[in-house]
1. Got a sec? How would B:219, A:302, A:49, A:60 order by Cβ neighbour count within 10 Å, fewest to most?
2. Write down the Kirkwood hydrodynamic radius of region B:48-182, to one decimal in angstroms, obtained as one divided by the mean of 1/r over all alpha carbon pairs.
3. Evaluate the Debye formula for region A:57-158 with equal point scatterers sitting on the alpha carbons, no solvent, and hand back log10 of I(q)/I(0) at q = 0.23 Å⁻¹, in q order, two decimals.
4. Please compute P(r) over all alpha-carbon pairs of region B:89-300, binned at 10 Å starting from zero, and give each bin as a whole-number percent.
5. Quick one: Debye curve from the alpha-carbon atoms of region A:36-76 only, equal weights, vacuum; give me log10 I(q)/I(0) at q = 0.13, 0.17, 0.33 Å⁻¹ to two decimals.
6. Within chain A, which whole H helices from DSSP have a Cα span along their axis of at least 24 Å and a mean Kyte-Doolittle hydropathy of -0.5 or more, if any?
7. Across peptide B:119-127, what mean number of C-beta atoms from other chains lies inside 10 Å of a residue's C-beta?
8. Got a sec? Charge dipole of the protein assembly as shown, +1 on Cβ for Lys and Arg, -1 for Asp and Glu; which of B:267, A:30, A:78 is way out at the positive end?
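We did not get these values from a lab; they are worked out from the coordinates using the rules stated. In this text the structure is predicted, and so the values were computed from the model without any measurement. Here the Cβ is made from the backbone with ideal geometry for all residues, glycine too, and neighbour counts use every protein chain on show.
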Amino acid sequence: MTTTSAPRMSKGIRGNERSAGWLFVAPVVLILGLFMLLPILMAVWVSLTAWNGQGSPFTTGVPFVGGDNYTRLFAVDNLARLNFMTSLRNNAYYVLFVVPLQTALALGLALVVNNRLLKGRDFFRTAFYFPSVTSSVAISVVFLFMFANVGAINEILAFLGIRGPQWFSDPRGVVHLFLDRIGVVDINTPPAALAEHGVLSLTWWDWTSGPSVAMCAIIALVVWTTSGTFMLMFLAALQNLPVQLDEAGMIDGANRWQRFRYVTLPQLRPTLFLVITLGLIGTWQVFDQIYVMSQGNPAKTTLTPAYLSYRTAFRDFDYGSGAAISFVLFLLIVLLALAQRWLMRDRDRPRRFRGRA
Amino acid sequence: MALTTDPRTDRASAPAPPSRRGGAFQGALASRFLGYAILIFFSLVFLYPFVIQIANSFKTEPDAAANSLSPVPQPFTADSMVRIFEGTAFPTWLGNSLLVTVIVTLSRVLLDSMAGYALSRLRFRGRGLLFAGIIALMAVPPVVLLIPKFLVLNQLGIYNSYAALIVPIMADAAGVFIMKQFFDSVPASVEEAARLDGAGVFRTFWSVVLPMARPALITLTILSFQGSWNEFPHTVVAVQDPALFTLPRGVADLVSGSLGAGTQYPLKLGVALLATIPVAIIFVVFQRYFVRGATEGAERG
């Protein structure tokens with residue numbers, strides 16, 4: 001701790017600190033213990049049972065199934081695994097799009113807002129940050145409206161001469177659509193080699209779909225809402241950078257791109273690391289937007305592990321499976337955070353540094 | 001987003017080089033123009049959805065369907081607002097939201113600052129371990145806790161009650177962390193003096209420490225207000241009785257299908273708008289505290 005052994009004061013002052021200390025932290029310890037720590041332990045138990053929500057899960061009548069809820073997600077070809085693997089695929093594509101996009105957008109906006117020659121920077125900073133502080137539910141409603149069949153987005157697309165899709169009822173994957181567009185495959189008759197074979201309950205064709213059109217609308221929403229917060233983090237970091245280094249680069253004749261790439265970006269590494277980590281952790285938890293906008297539809301293409309665990313427990317009353325999905329998701333997030341930490345640390349030499357996740 | 005890797009947007013390009021040659025001057029001018037163009041474009045991207053939301057809340061249904069982009073309702077109608085107050089449970093949700101937000105904010109400010117103070121200043125056994133525990137809890141993904149929280153509420157017999165809605169979020173690890181960091185950063189001399197004058201620990205905390213901690217307390221108040229006003233997933237696992245819904249839960253329920261026939265977008269957008277206004281006002285007034293709250297995270301890493 002920061003204040004280790006300060007000189008012992010007289011007993012009158014320090015004497016009652018021990019009890020006062022515990023008294024001061026007691027309410028917080030009680031609440032966090034009761035509603036964060038204890039729940040995790042209880043859920044570990046429930047994930048090993050087939051409790052259906054009736055009565056208490058801690059009575060002898062509740063069937064104990066051991067690791068079945070977990071193995072069903074991985075080992076057995078059934079609906080549970082199909083749903084779980086579909087949700088993992090959906091969320092993986094979602095992460096793959098959201099994290100680079102929001103990081104790049106946040107960094108780009110921060111660089112522009114940080115330009116000292118521009119007036120009204122405070123206004124722009126506020127404008128970009130505002131979506132981040134609003135209610136996720138309220139903003140989902142707005143995007144639901146904008147991405148409606150006759151909504152604002154399709155109106156803009158029509159203005160540009162593009163016929164917009166029926167966003168929230170279109171389950172086609174964008175990778176498939178792209179391959180179809182360039183003539184590699186026909187989206188209505190997928191190549192047999194991909195469509196007839198597969199792994200973990202999904203065909204190769206399913207695995208390679210990319211995010212569905214519906215998911216793209218949600219991706220747009222999330223990038224739009226979170227970029228502001230991350231922009232602030234980049235901005236705080238940029239304002240702490242010494243100007244001299246950049247000027248030195250200028251004197252050495254480096255152009256703007258070179259100065260950004262070899263002077264500014266390496267100094268932003270810790271912030272970049274933080275933003276990507278927070279992005280990875282956050283994107284694997286997407287729940288509110290799915291609940292409000294799509295409930296996993298169309299054709300399960302916006303189903304995510306977080307929403308699936310909720311649905312399994314509270315709609316299908318299979319609390320054991322729901323809890324098991326939560327824990328697998330928990331583990332996944334922890335592993336990703338650790339893996340990313342390790343990867344970024346390994347790349348300590350600026351030469352090999354890349355600005356992307 | 002090709003824009004972000006565009007060298008011309010590099011802020012390093014902005015300060016005009018010391019030499020006043022024409023080329024450099026023109027370059028600075030061009031980059032300034034481009035900077036404004038980008039800023040204005042993205043301001044539209046980030047703010048126009050709110051314009052759409054406000055405008056369409058006051059449109060008729062056919063108008064909203066036909067001209068959703070237009071910022072001007074033609075004709076203007078407050079019909080959806082009337083229906084929100086008379087035809088939905090909005091007043092109930094609003095009341096619940098206010099109740100939850102006030103209690104949670106007050107309690108978080110008090111409890112988090114007490115715990116933060118103790119972890120920073122008071123010496124007691126287990127303090128280091130406790131702080132490590134707080135940090136660990138901050139790392140637990142909230143979504144993972146949904147089913148577990150329901151289990152506890154169910155087991156305690158308070159599922160589907162105001163207690164379930166409020167008590168579990170009356171303290172938060174991040175708030176404790178912010179307060180501890182704050183107390184670590186201010187010298188202890190003033191309170192030491194108070195203590196030497198014979199004031200007890202709680203008395204010192206209440207009349208010396210808290211008044212000093214005003215900036216941190218404002219930040220914490222705002223974060224707690226925003227967090228509890230917008231809180232959604234917790235309400236999903238804490239209550240199911242519509243009479244206990246808060247605004248986000250009510251709006252979510254309304255949108256995902258309880259409304260009956262038609263799309264009724266003006267009404268949905270109107271409810272969402274009303275749910276956004278309080279945070280928007282607080283945001284405009286206390287902007288710098290929001291910014292502090294957001295960048296506090298950056299220093300953590």
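1. Numbers: B:219 22, A:302 28, A:49 19, A:60 5.
The most exposed by this proxy come first: A:60, A:49, B:219, A:302.
2. Details: mean 1/r = 0.0528 Å⁻¹.
In region B:48-182 this quantity evaluates to 18.9 Å.
3. -1.22
4. Histogramming region B:89-300 at 10 Å steps yields 8, 28, 32, 21, 8, 2, 0, 0 percent.
5. -0.29, -0.48, -1.11
6. Working: long enough: A:79-113 (49 Å, 1.20); A:213-239 (38 Å, 1.92); A:319-346 (40 Å, 1.36).
Answer set is A:79-113, A:213-239, A:319-346.
7. Working: counts 5, 3, 4, 12, 10, 9, 3, 5, 5.
Counting Cβ atoms of other protein chains within 10 Å of each residue's Cβ and averaging gives 6.
8. Checked the options; the winner is A:30.
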